[in-house]
Each structure stands twice: as structure tokens, then as C-alpha cells.
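The values are calculated or read from the model by the stated rules, or taken from the named source; none is laboratory data. Remember, it's a predicted structure, so these values are computed and weren't measured experimentally. Every residue, glycine as well, gets a Cβ built from its backbone with ideal geometry; the counts of neighbours run over all protein chains shown. Just so you know, the surface numbers come from the protein's heavy atoms only, side chains and all, with ligands and any DNA or RNA stripped out. Shrake-Rupley method; radii C 1.70, N 1.55, O 1.52, S 1.80 Å.
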Amino acid sequence: MMRQYELVEKVLSYDPDADENLLNRAYVYGYKKHGTQKRASGDPYFSHPIEVAAILADLKLDATVVATGLLHDTIEDTDATREEIDKMFGPDIGSLVEGLTKISELKLISRETAQSENLRKLFFAISKDIRVLLVKLADRLHNMRTIMHVKPEKRMRIAQETMDIYAPLAGRMGIHFFREELEDNCFAVLNPEARETIIKRLKEMHAEEKYLLHDIAEILNRKLKQANIKARVYGREKRPYSIFRKMERQSISLETISDIYAFRIITKTEDDCYRALGLIHTEWPMVPERFKDFISIPKSNDYRSVHTTIIGPTRKRIELQIRTEEMEEVNEFGIASHALYKDQSYINNPQTSQIPGDETNGSDQNANGELNPGSVPLSEKTSAFKWLRHVIDSLEDGDTPEEYLEHTKLELFADQAFCFTPKGRLIALPKHATPIDFAYAVHTDIGNTCVGCKINGVTAPLRSKLNNGDEVEIATSKASKPQPIWESFVMTGKAKSAIRRASREERRRQYSRLGQEMLTRIFKKIKVEFTEEKLIAALPKLAFKNMQDVYVAIARNEIKLRDVAVAMVPLLLENHADKFNHQTHFEIGASNATSPMPVRGATEDVGVIRFSKKHPPIAGERIVGILKPGDGMVIYPIHSEELEAYHAHPELWIDMVWDIDENENQWFTAPIEITLLNEIGALASVSSVIAEQNCNIWNTFIISREVDYYHLYLEVEVRNIQHFNQMKNSLQTLSIVSEIKRVAGKKYGEIG
Ligand code: MN
């Protein structure tokens with residue numbers, strides 16, 4: 001815990017005129033008020049405000065802000081009041097502490113409360129006085145540094161809120177010092193495995209390249225010296241989180257990130273920046289399209305620097321950032337930097353530097369009706385200031401929270417899609433995320449059961465890309481499951497792993513069902529009662545842990561049915577030797593038609609039980625399943641010529657029956673080929689008949705066209721085989737149709 005005199009000396013070291021007395025009084029007041037309170041770590045509570053004050057002193061902020069850091073939790077957590085603080089420290093500090101108390105109660109990513117309204121309050125508080133944000137960020141930074149003492153659930157919530165709201169806000173205000181550490185602390189809570197992996201790999205790379213890095217800095221220093229350019233050079237490694245974000249965004253591996261190490265060249269003057277740049281480009285080849293001049297065109301958060309990447313010594317790509325000392329300070333500390341912050345005019349003349357538009361806020365007046373002094377210690381020239389002004393303007397213009405957020409929050413997250421639930425809860429997603437990512441971000445159950453969505457009130461495909469400000473409504477169905485194909489287009493890790501897990505579980509469930517069905521059927525056949533007790537008793541003999549594992553192994557053909565049956569029923573072989581000699585398999589036909597397996601329709605491509613793609617069966621027609629060892633089962637209509645290949649393997653055949661619920665609204669695809677007269681309007685007549693029969697045309701193309709006839713390929717969707725026949729019959733009544741036949745599924749270009 002930092003001592004009183006240490007803190008005071010720290011402030012005096014960069015500001016000899018600082019109000020020492022104020023700091024001492026704030027320290028003693030805070031110390032007394034917090035008394036014997038303890039933090040989650042067991043430390044005295046007051047150690048927290050002291051650390052917050054020390055962080056603010058790291059930013060070289062003035063005594064008022066540092067004192068506010070010491071007092072920031074007094075109104076919230078002790079019997080201190082606004083009046084008392086006003087009386088002791090003046091209304092300036094009083095209003096800062098009150099502002100911090102107000103925003104500390106806001107739940108910014110909560111589900112229950114009106115989140116947009118809370119964000120509005122947060123922006124209001126920080127736009128009234130940017131110093132509120134500085135203290136709040138220092139407060140959050142210290143809380144994140146000590147987050148491991150907090151209970152896991154609360155820890156996740158605080159880390160998520162920090163990652164979603166405070167870290168980007170710090171970045172938008174140009175305070176990278178805060179942003180990077182906040183992000184990295186959150187990363188450690190939200191995705192510890194990924195962070196550990198990156199740190200481990202970085203260490204290895206570091207060991208390999210230690211000398212190289214040192215050499216590059218040496219060479220750069222020497223060259224600059226020779227050219228008489230006063231500058232300091234330092235190498236800098238990216239934080240694990242920014243490496244992770246880059247890997248995620250560009251889907252690349254750690255090894256291919258070229259700029260894990262960046263070198264900074266800090267010069268005295270702007271002129272020297274360009275001289276250094278010229279020198280470097282003369283010495284080493286530059287990588288095209290990597291050169292950026294943020295000195296002549298600063299970024300919107302006031303960031304200024306020249307960036308370039310060169311093929312340096314040892315042919316390695318090296319990223320270089322060239323800037324002046326002053327730019328360096330603004331780049332790291334943003335609006336908190338001395339260069340911007342040291343606009344002292346607000347102290348003597350509060351009104352002139354107040355943010356225009358601030359007057360519209362009624363609460364801007366304190367209890368005595370006076371205007372709060374010292375609202376905005378910011379140069380009006382900075383872009384961060386302009387952005388804040390823009391926020392306030394939109395507060396006046398936008399009368400709904402949605403409009404407000406569109407104006408402010410949305411541009412805060414340029415690389416994020418910032419979306420809303422119909423109730424106004426905000427969901428922050430990476431750019432190009434889909435409604436499925438959105439559904440999973442809301443809740444895993446919603447993701448797992450989502451079947452459709454509306455974006456801004458309009459029905460849209462689940463693979464749509466979401467944009468900032470979209471309102472997304474997810475339709476769910478309890479009967480629905482995640483589709484494996486989703487994995488190919490979702491953006492978030494949460495959605496990806498949930499889909500993977502769900503399809504793994506689903507596959508196992510299907511295997512288990514299939515294996516169980518197979519086992520009980522063989523017992524029926526040998527006329528022995530099947531009981532689970534028998535199977536459980538046989539588990540040790542079979543060396544399986546549970547029944548599900550046995551079922552799965554059976555369906556995967558990893559264990560013979562016969563061996564399972566023998567383990568379950570001792571003496572089985574003696575009593576049923578005749579049956580097992582040649583009946584360890586299933587035969588299609590009357591012999592086992594008493595116990596066919598029910599199928600509900602399994603259209604998923606990767607499902608354990610799936611339909612033939614070439615000859616998709618239609619509900620109601622006779623079907624048969626073929627076991628593909630290790631790859632589940634494929635269902636064919638009995639007339640499929642593909643079955644010929646399995647005539648020599650009756651053990652793979654399983655008789656199947658349909659188990660279709662009429663209300664389930666299931667459709668089946670039937671590929672057909674129609675020969676029709678080459679006549680004007682022929683195609684139109686065919687499609688209108690199909691439409692009249694309430695069938696969908698899924699795909700169509702012309703196979704061949706002769707002078708007198710067309711050969712048309714169609715994939716028609718029908719409800720069942722009766723529906724199919726009805727449609728076929730009505731097509732046949734057309735005089736232009738000469739032949740209709742069901743064919744194998746084709747792709748365009750396939751003839752035959
Ligand atoms: Mn605090």
C-alpha cells in the first residue's frame with residue numbers, strides 16, 4: 001500500500017505547484033471514512049482508492065483528479081455525502097465524486113435493465129466532465145488487476161463489461177495505456193487458455209530471436225546517429241490480447257503475424273520523423289501497402305505516427321512506428337496526456353471551455369444552482385473532443401435510445417457489429433457476425449434452438465451478416481438442433497464450439513439409438529427377453545463403462561452384436577447355435593418385418609442416419625437402411641439401383657419404416673426427369689401445374705433439347721409419396737408431357 005507521503009511526492013515530481021494540502025486532506029478523509037472495511041482480497045479497503053490515485057499520478061494528472069481518485073468510493077461505500085465533500089474539498093471534486101457514484105451503479109451489460117438507457121447515462125456523465133472517465137478507468141484498471149480475488153461469476157461479468165464498454169471507450173479516447181492493460185486483464189478472465197497458449201509461444205519465439213531483436217535496435221540506432229538524427233529506438237512486443245484479436249480477425253496463425261515485434265523511433269521534431277523514414281526506406285526495401293502516414297492525417301482519436309514495414313536485416317519483416325516525443329505521449333495517454341490535458345484555461349474561466357450543449361443538461365447545476373466549474377479540461381482542437389461534442393449533439397437530436405446509440409456507441413466500435421435484442425439489450429459482436437452468433441451470445445440455449453430470424457423486423461437468412469445497430473429477433477423451436485453447416489459461417493468462438501459440441505452429442509445420441517435398436521432386435525429374433533439389467537451385468541465382461549458406450553460401439557461396428565449378446569446371455573451359443581451360425585445379421589423381408597426401425601427423416605448430411613443423396617427417399621415409400629461400418633446408416637428407397645452394390649452383404653441391411661408426424665411440416669426432395677414437347681409455353685405449363693399441386697421446385701435445368709422434345713430435370717419437394725404421385729398424375733394429364741420418371745439426383749452439367 002502506497003503511503004501518504006509517497007503519493008504526494010509522486011505528484012510533486014511532475015507538478016511542483018500541486019496542492020499538497022488537498023492531497024493530504026483527501027488521503028486522511030478517505031482513510032478515516034473507509035475505516036476497517038476490507039476488500040475481497042482481505043486488504044484494507046482504502047488500499048484501493050490509493051492505488052487508483054497512484055494510477056492517475058502515473059498519467060501525471062493534476063492534484064484535483066488524484067484527490068478524486070482517493071475519494072471516489074466515499075459517497076457510495078461510506079456515510080460521506082455530497083454536501084460534506086463539497087464543504088471540505090469544493091464543489092468541483094464533489095461533483096466528480098458524485099458523477100463516479102452514479103455511473104458505478106449502472107449495469108452496462110445486464111440483461112434485466114434497459115441497457116441503452118444506462119449507456120446513455122454513462123456517456124452523459126463522461127461528456128459532462130471527461131475527468132470522470134479518467135478516474136473511472138483508473139478505478140476499473142485497479143479492479144481488473146485484482147479481479148482474481150472476486151467470485152467467478154461476478155468476475156466474468158465485470159470482465160465482460162470492461163471488454164465490451166470500458167476498454168473500447170479508453171481506446172476511443174486515445175488512452176492506449178488503459179486500453180491495452182484492461183483488455184489483457186479481461187482476456188485472462190474470459191479466455192485464459194488462449195492467453196496461456198499465446199504467452200507460451202511468445203516465450204519460445206523470444207528465446208529464438210532474442211539476439212536478432214537486440215541487433216536490429218543497434219543497427220537502427222547506429223544508422224540514425226550517422227545521419228545526425230536525434231532519436232531513441234525501442235522494441236515493443238504486442239500484448240497477448242492484441243495478438244489474439246489479430247489472429248481471430250485475420251484467421252492466421254501466430255507465426256504469420258509479422259508485427260508481433262514493432263520498433264518505435266521517437267524523434268524530437270516532426271521533420272526528423274520524415275528524415276528517419278527516408279533514411280530507412282533508402283537502407284531497406286519497404287513492404288508495399290504497409291506504409292501509413294498518420295502524421296499528416298491523424299486518426300480520429302488523435303493518434304499520430306508514421307507506420308512502415310521493411311524487409312530488414314536477416315530478411316525479416318519489421319514493423320516501424322516513427323513519431324515525436326509529443327505524439328508518443330498523446331498516442332499512449334490520449335485525452336489524459338499532458339499535451340492535450342494541460343489546457344489550464346478551464347480552471348480560471350470554466351464557461352469558455354465547457355462543452356457546448358452541456359447547458360441543456362439540467363443536472364449540470366449543483367445544489368446551489370451554480371454551474372459546475374471545470375467541466376472539460378480538453379483542448380477543443382482534439383478529435384476526441386470533437387467526438388464527445390458529437391455525442392452531446394446527438395443527445396439533443398436523437399430522442400430514442402436507439403438513435404442515441406447509433407450516433408455514439410456504434411462508431412466507438414468500428415470493428416464490431418453492435419446489435420440489439422427486441423427489448424433493447426445490447427449484444428456486441430465481431431464485424432460480419434451472423435444472427436446465429438447473436439443467438440449464441442444471448443444464450444447457448446437460444447443458439448442451440450434457433451430456426452430463423454428477423455433483422456430490423458424483416459425475415460432474413462440465418463447466415464446474413466449483421467451490421468451495427470441491427471435489431472435482431474431470433475425464432476426458436478425446442479425441437480430444433482444446431483446445424484453442422486453453421487460452423488462454416490459463424491464468427492464467434494462461442495458459437496463455433498457450441499455447434500461442434502451439439503453435433504458431436506447429436507451424432508453420439510443417434511449412434512446410441514441405432515445400436516440400441518439393433519441389439520433389442522436381435523433379442524426379439526432369438527426370442528430371449530432383452531433387459532437393461534442383463535446388459536449392465538455384462539458391462540465388465542465387455543469392458544465398457546456404460547450402456548450408451550455399448551450401443552455406440554455396436555452402431556459403429558466396433559463390436560459384434562453376437563459378442564454383446566453372448567456376454568449378456570450365458571449359454572446363448574449352445575441354445576441358439578443354429579440362429580447364430582448364419583443369422584448374426586439382419587435380413588430384409590418378411591423374417592424381421594415385425595420389428596422394423598422407425599425413421600423420422602434424417603436429412604442432415606453428417607447425421608448418423610441419413611438419406612441417400614442420389615436417390616433420396618420420400619415419406620411413405622418402402623425404404624431400407626444400409627449400415628456403413630464406422631459411418632452410420634444411409635437410407636434408400638427400395639427401388640434404388642445403388643442397393644445392388646450391397647446384395648452380397650445382407651448383414652448390412654436394416655429394414656426401416658417411416659415415422660412421420662403430419663404436423664411436422666417435413667418436405668422430401670424427388671429428382672425427376674420430364675420429356676416434353678418443344679412448344680412455346682411448355683415450361684410455364686409444367687411449373688404452374690407443379691405449383692397448383694402445392695409442390696416446390698427446388699432446382700431445375702434442361703438436360704437436352706431437340707427439335708421436337710425437351711428433357712427437363714427437376715427437383716421437386718413433396719410431403720409424401722401420395723403427394724408425389726398426385727403431382728406426377730396431374731403432370732401426365734398435360735398433352736405436352738410425354739414421359740415422367742424418378743431419376744438419380746444430378747448436378748448441372750451431368751448428362752444421363
Ligand atoms: Mn472503486
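Before moving on, here are some points about what is shown:
- Furthest towards positive pole of dipole, Cys695, Ser730, Leu712, structure part segment 668-750, Cβ charges: Cys695
- Straight-line reach from Lys107: taking Cα to Cα under 17 Å and skipping same-chain neighbours fewer than 8 places apart, the lysines in range are Lys121, Lys136, Lys154, Lys409, Lys423.
- Burial order of peptide ranges 618-627, 192-201 (average beta-carbon count within 10 Å, highest first): 618-627, 192-201
- Here the accessible area is traced with a 1.4 Å probe on the protein chains. For segment 625-726, carbon and sulfur cover 49 percent of it.
- Here the spin labels are modelled as points 7 Å beyond Cα on the Cα-Cβ line, and at Arg622 and Arg500 they lie 4.5 nm apart.
- If the chain linking Arg509 and Gln548 were pulled fully straight, counting 0.36 nm for each residue of separation and taking away their Cα-Cα distance, it would gain 13.2 nm.
- The label point for Lys38 and the one for Arg463, both projected 7 Å from the Cα toward the Cβ, are 5.7 nm apart.
- Taking every protein chain into account, the accessible area of segment 195-336 amounts to 54 square angstrom per residue (probe 1.4 Å).
- Cross-link table Lys560/Lys628; Lys525/Lys560; Lys431/Lys465; Lys151/Lys238; Lys246/Lys494, entries beyond 20 Å C-alpha to C-alpha: Lys151/Lys238
- All lysines inside 20 Å of Lys10 as judged from Cα atoms, apart from same-chain residues fewer than 8 positions distant: Lys60, Lys342
- Efficiency of FRET from Cβ geometry, Ala227 and Met286, R₀ 22 Å, rounded to 0.05: 0.80
- Taken along the Cα-to-beta-carbon direction at a fixed 7 Å, the label points for Asn665 and Val743 span 3.2 nm.
- Between Met491 and Thr434, Asp437, the built amide H atoms are under 5 Å apart, and every one of these is 5 or more places off in sequence or on another chain.
- Ranked by the mean number of other Cβ atoms within 10 Å of their residues, highest first, the peptides 1-10, 665-674, 548-557 come out as 548-557, 665-674, 1-10.
- ³J(HN,Hα), Karplus 6.51/-1.76/1.60, whole Hz, each residue of segment 432-448, x for Gly, Pro: 6, 5, 10, x, 5, 4, 4, 4, 5, 5, 5, 6, 4, 5, 5, x, 5
- Modelled FRET efficiency - R0 30 Å, Trp698 with Lys524, Cβ distances, 0.05 increments: 0.15
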